[in-house]
């Protein structure tokens, strides 16, 4: 923070009002950025929950169809199972 003495009189009042307006604009910008970050965090959380649900549904469907996940990688049909 730096303070600058600008004196008294009408020009000093104008400068003071301008400085106050700039501070308020910066405060509002920081507030908007915080709100945007919070909105993004909630959206990420919602998407993560949805994605986990889809993954679990897919896993259940594949396992019910006789597939298994090979070494945590690709899904493979269990041996001895024929295609229907």
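Which residue, 22, 45, 35, tops the fluctuation ranking in a GNM of the chain built on C-alpha contacts under 10 Å?
22
Of the listed values [x] 14, 20, 14, 12, 11, 9, 9, 7, 3, 0; [y] 17, 56, 26, 1; [z] 15, 25, 17, 13, 11, 9, 6, 3, 0, grab the one calculated as P(r) over Cα pairs in 10 Å bins from 0, in percent from the structure here.
Of the labelled values, this structure produces [x].
Based on other C-beta atoms within 10 Å, arrange 30, 77 from fewest to most.
Least crowded to most crowded, the residues run 30, 77.
Expressed as an acute angle from 0 to 90° and rounded to the nearest 10, what is the orientation of the C-alpha long axis of helix 10-64 relative to the principal long axis of the chain?
Rounded to the nearest ten degrees, it is 0.
Values in this text are rule-based calculations from the coordinates and carry no lab data. Because the structure is a prediction, the values reported are computed rather than measured. Cβ: placed from backbone, ideal geometry, glycine included. Neighbour counts: every protein chain shown.
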